[in-house]
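Each remark here refers to the structure printed beneath this line.
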Amino acid sequence: MAAQALGQKINVLNASNEHEIDTAFATLVQRGDDALLVMADPFFNGRREQLVALAAYNKVPVIFE
């Protein structure tokens, strides 16, 4: 995997409702992950404001596909 070749680790977090987004973000912050990549999905597109607010509050860079 390309990430391993660069000495990086990719963690996958799953969420299928608003509460799970909050929980996944708390996990991301607790682990000290460096950034968040949000995959293309209608659910996540509909929750973009929630994700951006959580990213801004926790100072985590986020990119949407």
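Worth a mention:
- Compared with the dominant principal axis of the Cα atoms in the chain, helix 48-58 is inclined by about 60°.
- Degrees separating the helix 18-31 axis from the principal Cα axis of the chain, which is the longest one: 30
- The listed peptides 43-55, 4-16, ordered by packing as a protection proxy, come out as 43-55, 4-16 (highest mean of other Cβ atoms within 10 Å first).
- What the Cα convex hull of the chain gives, in volume per residue, is 88 Å³.
- The chain - charge dipole about Cα centre, Lys and Arg +1 at Cβ, Asp and Glu -1, debye rounded to 20: 180
- Dipole of the chain, positive end: most advanced residue of Gly32, Leu13, Val62 [Cβ charges, Cα centre]: Gly32
- Point-to-point label distance, Ala53-Val29, nm (Cα→Cβ direction, 7 Å offset): 1.3
Only the coordinates and a few stated rules stand behind these numbers; no lab work does. What you see is a predicted model; the values in this text were computed from it and never measured. For neighbour counting, all protein chains shown are included, and Cβ atoms are generated from backbone atoms with ideal geometry for every residue, glycine included.
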